[in-house]
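**Q** Would you mind keeping the following structure in view while I ask a few things?
Please treat every number below as a calculation from the coordinates, not as lab data. Remember, it's a predicted structure, so these values are computed and weren't measured experimentally. As a convention, Cβ positions derive from the backbone with ideal geometry for all residues, glycine included, and neighbour counts pool all protein chains shown.
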Ligand SMILES: [Fe+2]
């Protein structure tokens, strides 16, 4: 099974760099569409849009609709749960009416479970008792397959940035870490939020963070030739060794007619 991960697209309509952010996402989707073999799934680990607005989600939806693999989304601190749900409910996997954006995808050899770590009071993450109970239910709903978790805030201390703790309190992060260890079937955790690539662990579970797709918001040092090239992650699962992660640099390529830039399309 192959999973392509994108994150932190921060799509906006009225910032000076709005067109660049849309182009970065379009380029990443075009690159993923050109992979052979295609990934089985694409996960978006949150901060899909900048301001949580319906018109921002409308633009994202138009771009993501061009992907040739199914896309599953997690909520980030910049996302609005109600507007995210309204935009992506037609895609058929979000639980109608639920407050948190938590769900499991059962159609692949590795189960995908989206975890909602949004905090209404802070850009840092939250993971409350109710979310822990919901995650345990999702984990326990199937007892044979390995599980990949995807969420926005990394559940480990990130030592390469200014803020090692990306949850509001250490207790919140520890609650998530404990819940992830509820079963030995969780084999990987994929996150975003810190806008740079890094990796850590939850006990013996490997956890990784990908850089943000929006190139002008990306942190870390990149050569000048890569400044306008988004980077995304490909995670390949092998039963014998788990996930192997590869960072892929998007190279500009001619867009197919169906992939013409979406920002100018006003429908
Ligand atoms: Fe972000």
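**Q** Could you name every one of the helices (runs of 4 or more DSSP H) located completely within segment 1-116 that has at least 1 residues being under 28 Å from residue 141 (Cβ atoms) and touching a strand residue (DSSP E or B) at 6+ places or on another chain (Cβ under 6 Å)?
**A** Ranges flagged: 54-64, 81-88.
**Q** Within segment 13-44, track down each residue that is within 23 Å of residue 94 (Cα to Cα) and within 16 Å of the ligand (Cβ to nearest atom).
**A** 25, 43, 44
**Q** How many residues does segment 151-179 hold that are surrounded by 19 or more Cβ atoms within 10 Å (Cβ to Cβ) and in contact (Cβ under 8 Å) with a residue 40 or more places away in the chain?
**A** Total satisfying the criteria: 14.
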